[in-house]
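Every number in this text was worked out from the coordinates using simple rules, so none of it is lab data. The structure displayed is predicted, hence computed values, not measured ones. Note that each Cβ is placed from the backbone with ideal geometry, even for glycine, and that neighbours are counted across all protein chains shown.
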Ligand code: HEM
């Protein structure tokens, strides 16, 4: 007999897909803004993967998507803390378990029997991803208003320091998202659960 198990709550599913759209717009418009004044002189992003057409267009996309990212993120994080979702899904976590699961994943030996429970590598990846997004928003605010938010900018080594940290946090987010999407492609059964929220389990 088949029975259905609830895997992802509705709030998590809605905020996840809004977040995918917001991150995509933020990253690609951010690359266009970067190209107008590159941090690393010899490196620019190919025009074909940027959004906005030119500096002013990209800034408009970046600021519009910023509200979506920040407000949607606020809903997700508030829900995650208040409902106990973060505690249930991401904890407990230990460095030993994370290293063991990463090593198992690299050797193709990670078990995926129960998709309603994240393994330690997933827990670590999602937690670092959420923290990197918070760092992206905080460094973005410092770059946006370096005079009004002097204290925040000073914490990051001033305007230039905030720019480097913003780029570093973007790179970390892009790296984890690429690994995340590859993992979803390797275990495609996880994909429909992030849409329907349910998993069919035969017993
Ligand atoms: C097309 C791109 C993406 C696809 C197909 C995708 C798919 C998925 C799937 C299927 C899960 C559930 C994994 C499981 O049950 O084992 C998941 C969870 C998650 N994804 Fe994505 N994802 C994408 C992009 C992103 C992006 C851009 C971010 C953030 C920057 C992100 C952050 C997360 C987080 C934090 C979770 C855990 C959610 C929770 O349980 O609270 N994903 N994703």
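Once you put a point 7 Å from the Cα of residue 56 and another 7 Å from the Cα of residue 113, both along the Cβ direction, what distance in nm separates them?
6.2 nm
Cα convex hull of the stretch 1-46: mean projected area in nm², to one decimal? All intermediate terms of the calculation are to be shown ahead of the outcome.
Numbers: hull surface 22.1 nm².
That works out to 5.5 nm².
What percent do you get for the relative contact order of the chain when only Cα pairs under 8 Å and 6+ apart count? Please list the in-between numbers first.
On the way: 191 pairs, mean separation 60.1, N = 203.
That works out to 30 percent.
Beta carbons within 10 angstrom, averaged per residue: use that to sort the peptides 96-107, 131-142, highest first. The partial results should precede the final answer.
On the way: 96-107: 13.9, 131-142: 19.8.
In decreasing order of mean packing, 96-107, 131-142 become 131-142, 96-107.
Give me P(r) over the stretch 53-107, computed from all C-alpha to C-alpha distances, binned every 10 Å, as integer percentages.
That works out to 19, 23, 24, 23, 10, in percent per bin.
How do 86, 45 line up, fewest other C-beta atoms within 10 Å first?
On the way: 86 18, 45 15.
Least to most surrounded, the residues fall as 45, 86.
How would you rank 182, 77, going from fewest to most other Cβ atoms within 10 Å of each one's own Cβ? Write down the numbers at each step before the final one.
Working: 182 9, 77 15.
So the residues, fewest neighbours to most, are 182, 77.
If each residue's Cβ is checked for other Cβ atoms within 10 Å, how do 94, 29 rank with the fewest at the top?
In increasing order of surrounding Cβ atoms, one gets 94, 29.
Can you work out the PRE-style zone for residue 13? Point 7 Å along Cα to Cβ, and I want the residues of the stretch 174-189 with backbone N under 12 Å.
none
Spin-label point model (7 Å from Cα, Cβ direction): what's the residue 151 to residue 201 distance in nm?
Between residue 151 and residue 201, the simple spin-label model gives 4.8 nm.
Against the longest alpha carbon principal axis of the chain, how many degrees, from 0 to 90 and to the nearest 10, is the axis of helix 158-186 turned?
30 degrees
Tell me, what is the FRET efficiency for residue 5 and residue 179 to the nearest 0.05, using R0 = 25 angstrom and their Cβ-Cβ distance as r? Show your work: numbers first, answer last.
Working: r = 26 Å, r/R0 = 1.03.
In this case the efficiency is close to 0.45.
Taking 4 °C and 1.567 mPa s as the conditions, I'd like the Stokes-Einstein D for the stretch 1-114 in µm²/s, using the Kirkwood hydrodynamic radius from alpha carbon pairs.
Stokes-Einstein gives a translational diffusion coefficient of 74 µm²/s.
Where does each of 185-194, 34-43 land if you order them by average Cβ count within 10 Å, highest first? Provide the component values of the computation, followed by the final result.
Values: 185-194: 12.5, 34-43: 10.9.
Going from most to least packed, we get 185-194, 34-43.
On C-alpha positions alone, give me the angle between the axis of helix 95-106 and the longest principal axis of the chain, in degrees, nearest 10.
80 degrees
Suppose we look only past 30 Å in the calculated P(r) of the chain. What percent of the Cα-Cα pairs does that tail hold? List each step's numbers first, then the result.
Details: 6147 of 20503 pairs.
When all Cα pairs of the chain are counted, 30 percent exceed 30 Å.
Quick one: helix 10-36 against the long Cα principal axis of the chain, what's the angle to the nearest 10°, folded into 0 to 90?
30 degrees
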